[in-house]
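Reading through the structure tokens given below for one structure.
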Amino acid sequence: MGYKVAIVGATGNVGREMLSVLHERGFPADEVVAVASRRSQGTEVSYGDGVLKVKALDHYDFSDVDICLMSAGGSVSKEWSPKIGAQGAVVIDNSSAWRMDPDVPLIVPEVNADAAAGFTKKNIIANPNCSTAQLVVALKPLHEAAGLARVRLATYQSMSGAGDAGIEKLRATEPLAADLSMDWAPEGDAEHGRNFPEDLQPSNDAFQAKREHHAGCDDGEFYAQAVRELFALEPSGAAE
């Protein structure tokens, strides 16, 4: 007997990819439901050789759903994941909304799958951002063999991480020679905190002063906390 799976945010880039991967991998689903905001109700999205008609999130009954893959952004997840979980579905959230919640397990299956048993507190499972997920899979055998003392990390973030809006903004911006320079400034872009395209991005999240003479971004703070949690390290260990 297969699962009933709902994809919330099914019309977005990530939601569509989730549908594609579910089908490609032959996930044992008897039924897959595409869910999004009310304005997307009735929209068709591809699933395998067929299409699914999108259901409205605020009208959908999740009581017979086994697994809900949530990829509709942090604010939507904050509001709806607890409601969906309370109806009995296990919500696997792809946003940042629950990553640091002590009652929600942060899971990368190749690293700490056993910790997923803690989902019962809220019926929600969080996953880290894309960079952290790849990082900890690579770090795990090193940690098991020798133990981690410190991790120094640089990441290069794609504008697609900001969703459709980020992609369209990049396409609409001419790649002028000036944009190729390294003279970025946090006030360079009101939304993302730097100039682009073709430019190195100093952050893919809120950029702010953390300490005197030091600036950092919320994404960077998350890396350190996530590595500690995923490897069950003490606060002083490994990631800084």
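The numbers here are math on the coordinates, done by the rules we state, and not lab data. Computed from a predicted structure; not experimentally measured. Note that we place each Cβ from the backbone using ideal geometry, even for glycine, and neighbour counts take in every protein chain shown.
Here the Karplus curve 6.51 cos²θ - 1.76 cosθ + 1.60, taken at θ = phi - 60°, turns the phi angles of region 133-143 into couplings of 4, 5, 4, 6, 5, 6, 6, 4, x, 5, 5 Hz, with x standing for Gly and Pro.
In a fully extended conformation the segment linking residue 1 and residue 31 would gain 9.7 nm over its present Cα-Cα distance, using 0.36 nm per residue.
Close amide-amide hydrogen proximity is noted between residue 47 and 52, each under 5 Å apart and 5 or more residues distant or on a separate chain (H modeled in the peptide plane; Pro and chain starts excluded).
Across region 40-49, rounded Karplus estimates of 3J(HN,Hα) from the backbone phi angles (6.51 cos²θ - 1.76 cosθ + 1.60, θ = phi - 60°) give 9, 4, x, 4, 9, 10, 6, 8, x, 8 Hz, Gly and Pro being marked x.
The simple spin-label model puts a point 7 Å past each Cα toward its Cβ; for residue 20 and residue 86 those points are separated by 3.6 nm. The label-point distance for residue 168 and residue 114, in a model that sets each label 7 Å from Cα toward Cβ, rounds to 4.7 nm. The number of Lys pairs in region 3-127 with C-alpha atoms less than 21 Å apart, excluding pairs fewer than 8 positions apart on the same chain, is 10.
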